[in-house]
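Take a look at the structure set out below.
The values are calculated or read from the model by the stated rules, or taken from the named source; none is laboratory data. Everything numeric in this text was worked out from a predicted model, so none of it was measured. Counting neighbours? That spans all protein chains shown, and the Cβs are built from the backbone with ideal geometry, glycine included. Just so you know, the surface numbers come from the protein's heavy atoms only, side chains and all, with ligands and any DNA or RNA stripped out. Shrake-Rupley method; radii C 1.70, N 1.55, O 1.52, S 1.80 Å.
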Amino acid sequence: MAFFLWYYFRVYRQTYLKVWFLAFLAFAGYQFAILLLYTTEFGQSWAQLPLAVIVHFACYSFALLMLLGNRLQFPLNASHALSWPVSRYFIIFFILSCLGVGLPLALPDLPSWHSLLEAHFRFILTGILLFMAGTGLWQKKSHGLGPQVASVVLVLWGMLYLGNTLSNMTQISILSTFNQMFLYKTIELALLVTLGFSLVIWLQENERSTNLKLTEKTRYLDQHDQLTGALNRDALLIQLEQLITRADAANLHLVMLGLDKFKNVNESVGLKQGDRILREVIRRFEQSIVKPVLIARTGGDIFALVLADVVNEKQLQYSLQHVQQLIEKPFLLDSGPVKLTTSIGLSHYPRHALSAEQLLQQANIAFHQAKRLQASWLSYQTGMEEETARLLAWESELLQAISENQFVLYYQPQLSLRSNLLEGFEVLVRWQHPQRGLLMPGEFLPLCEQLGLSQVLDLVILRSAVASIQRWQQLGLHIPLAINMSPVHFEQEGLKQELKGLLQQYAVSPEMIELEVTENTAMQDMEKGSNFALELQQMGIKVSIDDFGTGYSSLAYLRKMPIEKIKIDRSFVMDMTSNDSDMMIVKTMIKLAHGLGKRILAEGVETVEQLNLLRNLSCDAVQGYYIAKPLPESEALAFIKNYPR
């Protein structure tokens, strides 16, 4: 039986099986030691004392290990059974074993105590331990056959030992004849075998129970997202289809939403903190007063809600506003609060679709359309599929253009009005499309932004511009270049690393680069934008604000922002000679910039009158068609050679 349990232990690797194996091994050792002690010549030799100690210790160990095995099976309920470390009990029982053998030899004048020390105490203590193991196991209220049989056997075994000891101590021996001794050993053997098989039954029941739990867990994981516990996509479709087929299903809204710029959050706070945000989002949905009937996570940061109680457009708008507020409420992380926004797309049953699959597909189309257009939410409209297909086609062409270097740089000169010298170029991008010809920025930059390719294109332009500076330096021309940065790319840690790598790779001085960011971009997070601009300035890279006057800059922000230059938007320059309001705005901007210690450049200068007026207003620099249109590199190099520097 011991080696049978050892085999199961090797298969299942459960500690309690090892303990039960040791218990039966101890009982086998106990019986073997008794045979050697009382039926062989070893009982009359020097081995008598060690064998007697082994008899005692093995008997105690058997009962203790059975009790320990039960505790390992039910650790919470039986923690009181063995409150000390197990090793301490074995030490105590070993000491008792030595005393049970040694004291009768040390006290030859007290023969009446010899039986108590040599046998009675051992059977009393072993019987108590077995009785405790059986009653403790019975109290676990396990409904399995194995534990119940084992508990009964242990109780009977303990009672057998206690009853036998009590009869011997009262001199009413029930083992006075060979037949009685044979019956006693037969009962003991029957109890041992029954206990062994009950443990095997117990093990099989545990295996079935474990398999059932694993099956339930697998079924749960098949239907739920492992990270958040929300429904997964497949389960959402199944349960949504069940809702649709119900007789009372007449008004269902499927809301699909995603966390804007969640990838940037993961990169800044770490994946574990990002996972906390995703779990918190589900928790907020579950506790929401909107009470979605279904909550699912269908992608990385994309969720789906099914609303069944929205009966009119006003309630729908309120529900969507509430969902947005749930996302916009700051997420409190270890690194501090994080604020997020969301884009939402929705579809309606039965107006938009009659099946769960179609509803999900149309909500997904509306969601991606809302994300591309940066809208708060969009409801599915007929024709959105064609727009999506068009964007996918553009995406394929843009990715091909990036890989095949179809984007070319044009350079527009910037003139200093104080020295009347060339002070730099602004880098502008064009797309040399193989079929459509040369495309202007307005024809493809909005598409890049909608498709999330702005950051990739920024890196292409940045690398090409730095390579241009290197080529020009080799010709002895040291002309700074101003490079536009998209809003999504500015303030990203990866931008600084990319700049450092490019400057080192092309051996270009950072003073030759100026990054231009739009006014609204810089104002999205004033503190972060200011810190990022300061870090770039410490690297030697200049930062300027583009399209000034079209956003909402504050004087305090402009004072704190470590920028090199402010560029007046062309919309104010175009009509300044004929419009007094525009002229006063430009004049105020120039005074404001100078008062803050910033240089100022006016864009869109197309006439000599505009140039002279700006010079009279003390504008620092200008650019525009009057100076030169954006030029390809060869013409820009010719312009440099023909213009004073």
Report task. May I ask you to list the residues in the stretch 201-233 that are under 24 Å from GLU280 (Cα atoms) and in contact (Cβ under 8 Å) with a residue 60 or more places away in the chain? Result -> ASP225, LEU227, THR228, ALA230, LEU231, ASN232, ARG233
Query raised in the report: For the stretch 317-354, which residues satisfy the criterion of being in contact with a helix residue (DSSP H, G or I) (Cβ under 7 Å, 6 or more places away or on another chain) and over 18 Å from ILE277 (Cβ atoms)?
Result: GLY345, LEU346, SER347, TYR349, HIS352, ALA353
Query raised in the report: Can you name the residue in the stretch 279-334 that is in a loop (DSSP other than H, G, I, E, B) and crowded, with 17+ Cβ neighbours inside 10 Å and is also farthest from the chain's Cα centre (by Cα) among such residues?
Result: VAL310
Requested in this report: Only residues in the stretch 608-637 that are closer than 23 Å to SER464 by Cβ and of a type outside the set (Lys, Arg) count as the first member; pair them with residues that are open to solvent by 50 Å² or more (accessible area, probe 1.4 Å) and at pLDDT below 95, Cβ under 8 angstrom, at least 6 apart or cross-chain, and list the lot.
Outcome: LEU637/LEU475
**Report entry** Neighbours by Cβ (under 8 Å, 6+ apart or cross-chain): first from the stretch 520-539, within 20 Å of ILE568 (Cα to Cα); second at pLDDT 75 or above and assigned to a helix (DSSP H, G or I)
**Finding:** ALA522/ALA533
Query raised in the report: Got a sec? Which of ALA628, ALA621, ALA602, ALA593 is over 16 Å from SER571 (Cβ atoms) and in contact with a helix residue (DSSP H, G or I) (Cβ under 7 Å, 6 or more places away or on another chain)?
Result: ALA628
Requested in this report: Taking LEU398 as meeting all but one of (1) without any contact (Cβ under 8 Å) to a residue 60 or more places away in the chain; (2) open to solvent by 10 Å² or more (accessible area, probe 1.4 Å), write down the number of the exception.
Outcome: (2)
Report summary line: Note on the stretch 177-210: residues open to solvent by 80 Å² or more (accessible area, probe 1.4 Å) and at pLDDT 75 or above are PHE182, LEU183, LEU189, PHE197, ARG208
Query raised in the report: part of a helix (DSSP H, G or I) and either of a type in the set (Ser, Thr, Tyr) or touching a residue at least 24 places away in the same chain (Cβ under 8 Å) (or both) - does that describe any residue in the stretch 348-355?
Result: no
Report task. Would you mention how many residues in the stretch 410-421 are in contact with a Ser or Thr (Cβ under 9 Å, 6 or more places away or on another chain) and either surrounded by fewer than 19 Cβ atoms within 10 Å (Cβ to Cβ) or not hydrophobic (A, V, I, L, M, F, W, C) (or both)? Result -> 2
Report task. Hey, can you tell me all the residues within the stretch 411-427 that are closer than 14 Å to SER468 by Cβ and either out of contact with any helix residue (DSSP H, G or I) (no Cβ under 8 Å at 6 or more places or on another chain) or among the aromatic types (Phe, Trp, Tyr) (or both)? Result -> TYR411, GLN412, GLY424, PHE425, GLU426
Query - Of all residues in the stretch 611-625 being out of contact with any strand residue (DSSP E or B) (no Cβ under 8 Å at 6 or more places or on another chain) and either within 16 Å of SER578 (Cβ to Cβ) or assigned to a helix (DSSP H, G or I) (or both), the one that is most open to solvent (accessible area, probe 1.4 Å) - result: ASN616
Query raised in the report: Do we have VAL586 as in a helix (DSSP H, G or I) and either over 23 Å from GLY540 (Cα atoms) or open to solvent by less than 20 Å² (accessible area, probe 1.4 Å) (or both) here?
Result: yes
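Results for (1) open to solvent by less than 20 Å² (accessible area, probe 1.4 Å); (2) within 26 Å of LEU611 (Cβ to Cβ); (3) touching an Asp or Glu at 6+ places or on another chain (Cβ under 7 Å), shown as yes or no for each residue.
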{"position": "CYS448", "(1), (2), (3)": "yes, no, no"}
{"position": "LEU453", "(1), (2), (3)": "yes, no, no"}
{"position": "ASP458", "(1), (2), (3)": "yes, no, no"}
{"position": "ALA467", "(1), (2), (3)": "yes, no, no"}
{"position": "ILE479", "(1), (2), (3)": "yes, yes, no"}
{"position": "MET485", "(1), (2), (3)": "yes, no, yes"}
{"position": "VAL508", "(1), (2), (3)": "yes, no, no"}
Report summary line: Exactly one of HIS120, HIS80 is modelled with pLDDT under 80 and surrounded by 14 or more Cβ atoms within 10 Å (Cβ to Cβ), and that one is HIS120
Report summary line: Note on ASP234: of the conditions (1) under 29 Å from HIS352 (Cα atoms); (2) at pLDDT 90 or above, unmet is (2)
Query - Hits in the stretch 510-557 - residues which are open to solvent by less than 50 Å² (accessible area, probe 1.4 Å), of a type in the set (A, V, I, L, M) and at pLDDT 75 or above - result: MET512, ILE513, LEU515, VAL517, ALA533, LEU536, MET539, ILE541, VAL543, ILE545
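For the stretch 244-276: of the residues being aliphatic (A, V, I, L, M) and modelled with pLDDT of 85 or more, which is surrounded by the fewest Cβ atoms within 10 Å (Cβ to Cβ)?
Here the answer is ILE244.
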**Report entry** Those residues of the stretch 221-243 which are crowded, with 16+ Cβ neighbours inside 10 Å, more than 30 Å from ASP334 (Cβ to Cβ) and among the hydrophobic types (A, V, I, L, M, F, W, C), in sequence order
**Finding:** ALA235, LEU236, LEU237, LEU240, LEU243
Query raised in the report: Looking at (1) open to solvent by less than 60 Å² (accessible area, probe 1.4 Å); (2) modelled with pLDDT of 70 or more, which is the one condition that is false for GLN73?
Result: (2)
Query raised in the report: What pairs can you find where one residue is in the stretch 85-105 and under 16 Å from LEU68 (Cβ atoms), the other is not in a helix (DSSP H, G or I), and their Cβ atoms are less than 7 Å apart, with a gap of 6+ or different chains?
Result: TYR89/LEU82
Query raised in the report: Within the bounds of the stretch 435-442, is there any residue that is over 14 Å from LEU515 (Cβ atoms), in contact with a His (Cβ under 9 Å, 6 or more places away or on another chain) and open to solvent by less than 50 Å² (accessible area, probe 1.4 Å)?
Result: yes
Report task. Quick one: PRO350 ticks every box in (1) open to solvent by 70 Å² or more (accessible area, probe 1.4 Å); (2) at pLDDT below 90; (3) at negative phi except a single one, so which number is it? Result -> (1)
Query raised in the report: Tell me, which strands (runs of 3 or more DSSP E) wholly within the stretch 391-470 include 1 or more residues that are among the hydroxyl-bearing types (Ser, Thr, Tyr) and within 25 Å of ALA621 (Cα to Cα)?
Result: 407-416
Report task. Could you please find all residues in the stretch 423-439 being aromatic (Phe, Trp, Tyr) and over 44 Å from the mean Cα position of the chain (by Cα)? Result -> PHE425
Query raised in the report: Is it true that some residue in the stretch 148-170 is in contact with a Gly (Cβ under 9 Å, 6 or more places away or on another chain), closer than 22 Å to PHE27 by Cα and at pLDDT below 70?
Result: no
Query - Meets criteria (in a strand (DSSP E or B) and either at pLDDT 90 or above or surrounded by fewer than 17 Cβ atoms within 10 Å (Cβ to Cβ) (or both)) for LEU637 - result: no
